[in-house]
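*Asks:* Pasting a structure below so you can have a look.
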Amino acid sequence: MPEDSSLSRLLDQIPRLSSRVLVEELSGGLTNRNYRVDTPHASYVVRHSASDASLLGIDRDAEHVNTRAAAEAGAGPEVFDYRPDLQVLVIAYLPGVTLADADFADPGVLDRAAQACRRLHAGTRFRGDFDMFARQAAYRQTVRERGFWLPREYDDYAERWEQVRRALVARPEPTVPCNNDLLAGNFVDDGDRTWLIDYEYSGNNDAAFELGNTASECEFSAEQIDAWTAAYAGAPTRGDLARVRLGALRSAYGWSLWGFIQAAGSPLDFDFTAWGLHRFEKAAATFRGPDFDRLLTEAADD
């Protein structure tokens, strides 16, 4: 792609990119503009922040540290430069296919993706913790204080949300380094190995949230959730499966607020309101569904 003047000035300030021969904007970023930059010696991805990180709870310094830790664990791309003054992170370009939701129907893809999560979770602990209950409360306060639009039924599920929290606290799981935002586009698969990218929301968390987040974002069926959990855990118990399903619920209900905040403030041309509504409606269906009480019981008891 032809470089515009502002992009050229940005890239010129990063010495390793001065001899670039190709610049191509990559799709998929909702809080960043991402570019593939090729030089005669290597290919890189330049992540340039494009949103108000403070409203979304993003810590760019922690993102940098945790991206390095993920690379050391063999789960993420190598980091080459971090320029907080430019709001830029430069990482290795990973050859492979960025996954789409439908790709997870392939058992090989599902297994490689689960093994990537296991590698990440076995690595060095991340800087900072991630708790969707705390994140949801902070996002809800931001929406309230700033008067952002919210579905009028959103708070109708506050008591059921608290029931989920109590069920998980009753049988707490150890926390591990998690990406916490593993939608399909954050998996890169080369046919032999899967890599995990984008550590904006990374932090130590329970693995059930990580697995549930992917299940929710990738629109897994109930059967796919079982297969996904088994690919990760081997022989999951009913409690394991229940916690992953509650992880999907936590993801949908909490991240829906992210969409409403982005709808009010993001400069990107994207329908964040529809994005948030889709996740809220999935969460509401689970809160109202016939399996909700059973999931609470199995998550707490098994």
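*Asks:* Which one is nearest to VAL37 (Cα to Cα), of the residues in the range 86-110 that are of a type in the set (D, E, K, R) and surrounded by fewer than 16 Cβ atoms within 10 Å (Cβ to Cβ)?
*Replies:* If we take residues in the range 86-110 being of a type in the set (D, E, K, R) and surrounded by fewer than 16 Cβ atoms within 10 Å (Cβ to Cβ), then ASP101 is nearest to VAL37 (Cα to Cα).
*Asks:* Still on this structure, I have one more. Testing ASP206 on (1) under 26 Å from ARG127 (Cβ atoms); (2) charged (D, E, K, R); (3) surrounded by 24 or more Cβ atoms within 10 Å (Cβ to Cβ), one condition comes back false. Which one is that?
*Replies:* Of everything listed in (1) under 26 Å from ARG127 (Cβ atoms); (2) charged (D, E, K, R); (3) surrounded by 24 or more Cβ atoms within 10 Å (Cβ to Cβ), ASP206 misses just condition (3).
*Asks:* Return only the number of the condition from (1) in contact (Cβ under 8 Å) with a residue 12 or more places away in the chain; (2) of a type in the set (S, T, N, Q); (3) exposed (fewer than 12 other Cβ atoms within 10 Å of the Cβ) that THR142 does not satisfy.
*Replies:* (3)
*Asks:* Is it the case that the range 244-259 has a residue that's surrounded by fewer than 16 Cβ atoms within 10 Å (Cβ to Cβ) and in contact (Cβ under 8 Å) with a residue 60 or more places away in the chain?
*Replies:* No, because not a single residue in the range 244-259 is surrounded by fewer than 16 Cβ atoms within 10 Å (Cβ to Cβ) and in contact (Cβ under 8 Å) with a residue 60 or more places away in the chain.
*Asks:* Hey, among LEU211, LEU182, which residue is in a helix (DSSP H, G or I), closer than 14 Å to CYS117 by Cβ, in contact with a Ser or Thr (Cβ under 8 Å, 6 or more places away or on another chain) and among the aliphatic types (A, V, I, L, M)?
*Replies:* Matching residue, one of LEU211, LEU182: LEU211.
*Asks:* Inspect all residues belonging to the range 90-103 and state whether any of them is more than 26 Å from SER18 (Cβ to Cβ), among the hydroxyl-bearing types (Ser, Thr, Tyr) and at pLDDT 90 or above.
*Replies:* The answer is yes, given that some residue of the range 90-103 is more than 26 Å from SER18 (Cβ to Cβ), among the hydroxyl-bearing types (Ser, Thr, Tyr) and at pLDDT 90 or above.
The values are calculated or read from the model by the stated rules, or taken from the named source; none is laboratory data. Keep in mind that this is a model prediction, so the values were computed, not measured. In this analysis, Cβ positions are derived from the backbone assuming ideal geometry, glycine residues included, and neighbour counts consider all displayed protein chains.
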